[in-house]
Amino acid sequence: MYIFIKLFIFLPFIGVSDGLTQKITVDGRLLCIKVPLENVKIKLMEENILFDEMMSEGVTDNKGYFNISGEYIEYTKIEPYIEINYKCPESGEEAVEEKKFLYVPSNVFRYLGYTRNFKFKFDDIDLIRIKKRVVWYFF
């Protein structure tokens, strides 16, 4: 009888034990010394404690623009970032492939009722001017 009482109490929570589906769309434009970077691979990632997971990926167009959407199931708010692998020559030097990580600021994730669909615009990103790992802030 005690087992049935436990099952009766915890049964309603089984359906919500998967977490909440949260969606994010990020867009922007990649530049190298003010020149658009085309066909650059961009991954939309979710930061986790052990292993980060890819939510989606895409490439920039011929003008350097990108628009990537992804979703992730999580109990807490998601911590997405974009991973960019690119080549950008500096002042006559040969271009070397580099990797940069740009994080979506946490204040983007303001929950309004059941809305879990977020958007963030990175605007123009001149990769030559930023460090390897950057968190965007806006007010």
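Here, each number is a calculation from the coordinates, and none is a lab measurement. Everything numeric in this text was worked out from a predicted model, so none of it was measured. Quick reminder, even Gly has a Cβ in these numbers, built from the backbone with ideal geometry, and neighbours come from all protein chains shown.
Past 20 Å, Cα to Cα: identify those pairs from Lys77/Lys100; Lys23/Lys100; Lys99/Lys119; Lys34/Lys119; Lys34/Lys63, in the order given.
Values: Lys77/Lys100 23 Å; Lys23/Lys100 22 Å; Lys99/Lys119 23 Å; Lys34/Lys119 25 Å; Lys34/Lys63 11 Å.
With Cα atoms farther than 20 Å apart: Lys77/Lys100; Lys23/Lys100; Lys99/Lys119; Lys34/Lys119.
Loop-only check: which chymotrypsin sites (Phe, Trp or Tyr not before Pro) in the range 60-110 are DSSP coil with at most 15 other Cβ within 10 angstrom?
Numbers: sites: Tyr65, Phe66, Tyr72, Tyr75, Tyr81, Tyr86, Phe101, Tyr103, Phe109; in loops: Tyr75, Phe109.
Passing sites in the range 60-110 are Tyr75.
Based only on other Cβ atoms within 10 Å, what is the fewest-to-most ordering of Ser69, Ser106? Each step should come with its number before you reach the end.
Numbers: Ser69 15, Ser106 12.
The most exposed by this proxy come first: Ser106, Ser69.
Could you derive backbone 3J(HN,Hα) for the range 54-62 from the dihedral phi with the Karplus parameters 6.51, -1.76 and 1.60 (θ = phi - 60°), listing whole Hz in sequence and x where the residue is Gly or Pro?
Coupling constants for the range 54-62: 7, 8, 5, 8, x, 10, 6, 7, 5 Hz.
Can you give the local net charge around Lys34? Use residues other than it whose beta-carbon is closer than 12 angstrom to its beta-carbon, Lys and Arg +1, Asp and Glu -1. All intermediate terms of the calculation are to be shown ahead of the outcome.
Values: positive: Arg29, Arg129; negative: Asp124, Asp126.
Here the count lands on 0.
With Kirkwood's inverse mean 1/r over C-alpha pairs for Rh, give me the Rg to Rh ratio of the range 16-68, two decimals please.
Reported Rg/Rh (Cα atoms, Kirkwood Rh): 1.12.
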